[in-house]
Amino acid sequence: MERATIFVRGQVQGVGFRWWTRARALELGLVGHARNMPDGRVEVVAQGEGAAIGGLVDLIGERPSRTGRPGDVAAVVTQWSGARGGVTQFVAK
C-alpha cells in the first residue's frame, strides 16, 4: 500500500474536478480525498496499490482527457509516501 499527495494546478475549482477525481479513484479501488486549496489548486490524497495511484495520476494529467475530465489541468505534482491507517473511503471535501 502506498500514498500519494497530488497537487493539481489550472482551472480545476468550481468545474466538478473533485467529483470526477473521486469517481476515478473509486473505480481504481483507492481511498483518500480531493479538496480545494485556498491558492486555487486541488489537493488529491490517494492510498492503495501503487499502480492504481499511478493510473489516477495519469488520468488527472492526461491531455487531452479521454475520460471527460472537467476543467483544464496546467500542472500536476505528486509526492509519494507510505500509506496511513484509518482511511476507508474516498471523499470530495
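The values are calculated or read from the model by the stated rules, or taken from the named source; none is laboratory data. What you are looking at is a predicted structure, and each value in this text was computed from that prediction instead of being measured. Methodologically, a virtual Cβ is constructed for each residue, glycine included, from the backbone with ideal geometry; neighbour enumeration extends over all protein chains shown. Ligands, DNA and RNA are stripped out before the accessible areas are found, and what is left, the full protein with its side chains, is counted by its heavy atoms. Shrake-Rupley method; radii C 1.70, N 1.55, O 1.52, S 1.80 Å.
Test of the criteria: in the range 16-85, which trypsin sites (Lys or Arg not before Pro) are in a DSSP loop and have at most 13 other Cβ atoms within 10 angstrom of their Cβ? Spell out each step's value before the answer.
Numbers: sites: 18, 22, 24, 35, 41, 66, 84; in loops: 41, 66, 84.
Here the sparse-neighbourhood loop sites are 66, 84.
Tell me, what is the per residue accessible area of the chain in Å², probe radius 1.4 Å?
Values: 4870 Å² over 93 residues.
Heavy-atom accessible area per residue stands at 52 Å².
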For P(r) over Cα pairs in 10 Å bins from 0, in percent, calculated from these coordinates, the label among (i) 19, 44, 24, 10, 3, 0; (ii) 18, 57, 24, 1; (iii) 17, 52, 29, 2: (ii)
Rounded tilt (10° steps) of 50-61 against the dominant C-alpha axis of the chain: 10 degrees
Helical contribution to [θ] at 222 nm, DSSP H n ≥ 4, -39,500 (n - 2.57), averaged over the chain, rounded to 500: -7500 deg cm²/dmol
³J(HN,Hα), Karplus 6.51/-1.76/1.60, whole Hz, each residue of the range 25-37, x for Gly, Pro: 4, 5, 4, 8, x, 9, 10, x, 7, 10, 9, 6, 10
Accessible surface of the chain [probe 1.4 Å, protein heavy atoms]: carbon and sulfur percent: 49 percent
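Tell me the relative contact order for the chain as a rounded percent, counting alpha carbon contacts under 8 Å between residues six or more apart. Write down the numbers at each step before the final one.
Numbers: 195 pairs, mean separation 43.6, N = 93.
Computed over the chain, the figure is 47 percent.
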